[in-house]
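Following: one structure in structure tokens, then a few remarks.
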Amino acid sequence: MSDLPDLSEPPALDSTPAASPGGGARYLENLNDSQLQAVEAIDGPVLVLAGAGTGKTRVLITRLAHILMQGRAGPHEIMAVTFTNKAAREMRERVAALVQRPVEGWWVGTFHATGARILRAHADAVGLKSNFTILDADDQVRLVKQLMANHHIDDKKFPARAVSGIIQRWKDRGLTPDKVPGAEGATEAGGGAQALYTEYQGRLKVLNAADFGDLLLHGLTLFQNHPDILKTYQHRFKYLLVDEYQDTNVAQYLWLRLLAQAHKNICCVGDDDQSIYSWRGAEVENILRFEKDFDNAKVIRLERNYRSTPHILAAASGLIDHNEGRHGKTLWTDLDAGEKVRVTGVWDGEEEARITGDEIEALHTKKQPLNQVAVLVRAGFQMREFEERLITLGVPYRVIGGPRFYERQEIRDAIAYLRVTVQPDDDLAFERIINLPKRGLGPATMQTVHRLARAEAIPLTQAVERLIESDEIKPKPRQTLAALLDDFRRWRGDIGLSPHPELAERILEQSGYIAMWRDKQTVDAPGRVENLKEMILALEDFDTLGEFLEHVSLVMENDDSNVTDKVNLMTLHGAKGLEFDTVFLAGWEEGLFPHPRTLDDSGVAGLEEERRLAYVGLTRARKQAFVSFAANRRIHGQWNSAMPSRFIDELPQEHIEVRSPTGLYGGGQGIGAGGGFSERSGGFDAARRHQNRRSRPELVEDIAHHAKDADFLVGQRVFHQKFGYGKINVVDGGKLEISFEKAGNKKVMASFVEAA
């Protein structure tokens, strides 16, 4: 078994608090009462329910500083776990600034980085070597695909990416292959997923590799099977702090519980109303049952919001109040009332993009910085129309969450070369670049290499070593493979002898990889060469090649520090943790938001998560929030007649203003309080809705005007301008379910049909 990490104590901090003129510690100044309570409650389990914009990060930073300055623990006795490397960096920097000195020796990092750190110290206890490779999602899928091919499992019927997803979900739940419930193992991927999972784990050990799920799953196995190792870490860490606790999965939850059993000084900070990642394995139940998991737990609510205006806050709070699975809290603010949330109905997605673009231009004319404007959509396909409109207007924008630097093809290839140099057992990386650039290695040669590797249960590089000493493959490919292995041996021998950025550049040059892109006569080739140069420059920020490779495996973040002023375009999921002066929330329609697949898969729980997503979207806005919905939406190439989302009905009417693009609706007193769209003061003549249905302005008016006075009956034959003739199956107020003769069953608003 590997030795434990160095547990020697770094120099202790001077714990004399810097005093303010009033006699208190300076770092405690400017905290409100709830924040101060959360900072000072350092004994026993504490759950801090931090509502959106309530100063969660300040509380975390100050709590860490308080523990240090009170001398309750040294830096090496504290573990702080975050979900992003950016949050971990910010935590380190801000605590050091608060205590006015460097803080060394403590464990602050993401779940995966911390799990990898522990696992590398005890890798042999789970059958790995300490220099194991961390596979990314692409490599995981490729390995699963190989195993499926060996078992003749049809990748078209059971896609490798889907099977890989099943395995990762089991890992998120803390399930090793032998613990997968029998019913699940018998049904997933035609009953073959559990066997593939077993073989997948075995193959990872042969490759000396782990995937992201293993960093916690192996940690659980380590703690459960080696109580001496668990006890060491339990007693080392006197304090545990966990950020974004609502986003933890089962494996992370179990891992934390084991670590917290000795001192029980665990503080979890999160917001059950912002739990929106169940599709990643997050379990909102983890935060809801905290008080049951830890006896005598303190629950502290941060409810004073420093971000949003009262109207925005009240609209969001009124919406989330419809969820039953929540702790409950009442956010408040003493900011000026500001503008009401504006709700706008439009004809279609194109018009939605047009009025949004026009509004952004108007804001920018009033000196609103574009980087303080965000357009948030439920689904990625919605972005196209906004992009096209912003391009037409000449408004600069960025898409957050698009292909990232380390996910680009040329960067993945280059990193594969570096991975094989550092770790020759890395089959997936070796296979990726063995014939890249083209080396004349045909399918027959590769099949021979793979056959020997499988038969002997050895890495591909070892199989190649044996084959080049035999006559199993033809002379030319044998010479090519021998030369490639010689190259890797030479590069491996240069590790530590020359600066690693220079070594990386030499590897890419001598392998012919950079030359391959230089010689390509394609539009994107020059840009790819520039990206490779940028990657080599990035190596200068790391002490070793191995440290760089681990960084790439653990984090792929955009660096937007040098961008110009641009509108932010992203999904609602991607917006969590961000805030903007102005937020446009597009596509609030039934059939899009809440997302039908979520409702089908998860029922009420799915609906509540979708509502939390709407809450997150609204609470990103500081000063202005615009909600829009369209009467018609093209989804996957098909036009759909849409009804306003139920979430619009749930917005408190006293905090919203309803408008058409031409401002016809004025005060908007007809939406909210669960009452649906009613006639507004100065409303439209109901008879007009049955005339000239091709008139766009009139139909826009109808969007916010359910035809309450339309007397439709079940079985009645009606006409819809888009779907044609049909018969009514269900009448639900202003909503109809109609079986159309050519378009099939559709849900439409009564105002869009007329008696046939």
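Placing R0 at 22 angstrom, the Cβ-Cβ distance between residue 476 and residue 447 gives a FRET efficiency of 0.85 after rounding to 0.05.
Rolling a 1.4 Å probe over the protein chains gives residue 47 an accessible area of about 0 Å².
For the stretch 338-474, relative contact order (Cα pairs under 8 Å, six or more residues apart, normalised by length) works out to 14 percent. Each listed q (0.12, 0.13, 0.25 Å⁻¹) maps to a log10 I(q)/I(0) for the stretch 141-220, found by the Debye formula over equal Cα scatterers with no solvent: -0.29, -0.35, -1.32.
In the complete set of protein chains, residue-level accessible area for residue 585 is approximately 0 Å², probe 1.4 angstrom.
Here the Karplus curve 6.51 cos²θ - 1.76 cosθ + 1.60, taken at θ = phi - 60°, turns the phi angles of the stretch 50-67 into couplings of 9, x, 4, x, 9, x, 4, 5, 4, 5, 4, 4, 5, 5, 4, 4, 5, 4 Hz, with x standing for Gly and Pro. Stretching the chain fully between residue 155 and residue 279 yields a gain of 42.4 nm (0.36 nm per residue, less the alpha carbon separation). Kirkwood-type hydrodynamic radius, the stretch 413-455: 10.9 Å, calculated from all non-identical alpha-carbon pairs. For the chain, DSSP calls about 35 percent of its internal beta bridges antiparallel.
Counting only alpha carbon atoms, the long axis of helix 349-365 and the longest principal axis of the chain meet at about 80°. Averaged over residues, the count of other Cβ atoms within 10 Å places the peptides 191-197, 445-451 in the sequence 191-197, 445-451, highest first. Summed over qualifying helices (DSSP H, 4 residues or more, each -39500 (n - 2.57)) and divided by its residue number, the chain shows a 222 nm mean residue ellipticity of -13000 deg cm²/dmol. Projecting label points 7 angstrom from Cα along Cα→Cβ for residue 84 and residue 742 puts them 4.9 nm apart. Equivalent-ellipsoid semi-axes for the stretch 252-397 (Cα gyration tensor, √(5λ), whole Å, largest first): 39, 20, 15. Annotation: amide H of residue 589 within the under-5 Å range of 645, sequence separation 5 or more or interchain, hydrogens built in the peptide plane. Taking the C-alpha atoms only, the angle from helix 383-393 to the longest principal axis of the chain is near 80 degrees. Rounded to the nearest 20 debye, the dipole magnitude of the stretch 328-414 is 320 debye, with +1 charges on Lys and Arg beta carbons, -1 on Asp and Glu beta carbons, and the Cα centre as origin.
Pairs of Cα atoms in the stretch 112-260 fall into 10 Å distance bins, from 0 up to the last occupied one, in shares of 11, 40, 33, 14, 3, 0 percent. Report, in degrees rounded to the nearest 10, the 0 to 90 angle that the Cα long axis of helix 500-510 makes with the longest principal axis of the chain. Computed tilt is about 90 degrees. Using a/c under 1.5 as the rounded threshold, could you call the stretch 567-607 rounded, prolate or oblate? The axes a ≥ b ≥ c are square roots of the C-alpha gyration tensor eigenvalues, and prolate needs a/b larger than b/c, oblate otherwise. It comes out prolate by the Cα gyration axes. A compact globular protein would have a Cα radius of gyration near 2.2 N^0.38 Å; the ratio found for the stretch 471-525 is 1.44. For residue 131 and residue 104, the difference between the fully extended length at 0.36 nm per residue and the C-alpha to C-alpha distance is 7.3 nm.
The fraction of accessible area contributed by carbon and sulfur in the chain is 48 percent, rounded to a whole number (1.4 Å probe; ligands and nucleic acids excluded). The three principal axes of the C-alpha atoms in the stretch 186-247 carry coordinate ranges of 46, 30, 20 Å, sorted with the longest axis first. Take the chain with all the other protein chains still there, run a 1.4 Å probe, and you get 43 Å² of accessible area per residue.
Quick check: from the Cα gyration tensor, does the stretch 17-102 come out rounded (a/c under 1.5), prolate or oblate? Cα axes put the stretch 17-102 in the rounded bin. With one equal scatterer per alpha carbon and no solvent term, the Debye-computed log10 I(q)/I(0) for the stretch 279-356 at 0.14 1/Å reads -0.75. Of the residues 443, 430, 371, the one whose Cα sits farthest towards the positive end of the charge dipole of the stretch 360-452 is 371 (charges of +1 on Lys and Arg Cβ, -1 on Asp and Glu Cβ, taken about the Cα centre).
Extension gain, residue 719 to residue 332: 0.36 nm times the residue separation minus the Cα-Cα distance gives 134.4 nm.
Each Cα pair under 8 Å and six or more residues apart adds its separation to the average, and for the chain the resulting relative contact order is 14 percent. Can you bin every Cα-Cα distance in the stretch 54-199 into 5 Å intervals starting at zero and give me the percent of pairs per bin, rounded to whole numbers? Result, from short to long distances: 2, 8, 14, 14, 13, 10, 10, 9, 8, 6, 4, 1, 0 percent. Among 621, 730, 52, whose Cα projects farthest towards the positive end of the dipole of the chain, with charges put on the beta-carbon of Lys, Arg (+1) and Asp, Glu (-1)? Farthest towards the positive end: 730. Projecting the Cα positions of 254, 306, 237 onto the charge dipole of the stretch 231-310 (unit charges on Cβ atoms of Lys, Arg, Asp and Glu, taken about the Cα centre) puts 237 furthest along the positive direction. Basic side chains Lys and Arg get +1 at the Cβ, acidic Asp and Glu get -1 at the Cβ, and with that the dipole of the chain about its Cα centre reaches some 940 debye. Rounded to the nearest 10 square angstrom, residue 530 shows an accessible area of 100 square angstrom against a 1.4 Å probe.
Highest mean packing first, where packing is the average number of other Cβ atoms within 10 Å per residue, the peptides 299-312, 464-477 line up as 299-312, 464-477.
Most tightly packed first, judged by the mean number of other beta-carbon atoms within 10 Å of their residues, the peptides 109-116, 61-68 read 61-68, 109-116.
Rounded to the nearest 20 debye, the dipole magnitude of the stretch 122-258 is 220 debye, with +1 charges on Lys and Arg beta carbons, -1 on Asp and Glu beta carbons, and the Cα centre as origin. Name the residues of the stretch 438-461 whose amide N is less than 19 Å from a point 7 angstrom out from the Cα of residue 489 along the C-beta direction? Output list for this probe position: 459-461. Evaluate E = 1/(1 + (r/R0)^6) for residue 654 and residue 547, where r is the Cβ-Cβ distance and R0 equals 56 Å; express this FRET efficiency to the nearest 0.05. My answer for the efficiency is 0.50. In order along the stretch 308-318, phi translates into HN-Hα couplings of 9, 6, x, 5, 4, 5, 5, 5, 5, 5, x Hz, rounded to whole numbers, per the Karplus curve 6.51 cos²θ - 1.76 cosθ + 1.60 with θ = phi - 60° and x for Gly and Pro.
The values are calculated or read from the model by the stated rules, or taken from the named source; none is laboratory data. The model shown is predicted, which means the values in this text are computed figures rather than measured ones. Positions of Cβ are backbone-derived with ideal geometry, glycine not excepted, and every protein chain shown enters the neighbour counts. All accessible areas refer to the heavy atoms of the entire protein, side chains included, with ligands and DNA or RNA removed. Shrake-Rupley method; radii C 1.70, N 1.55, O 1.52, S 1.80 Å.
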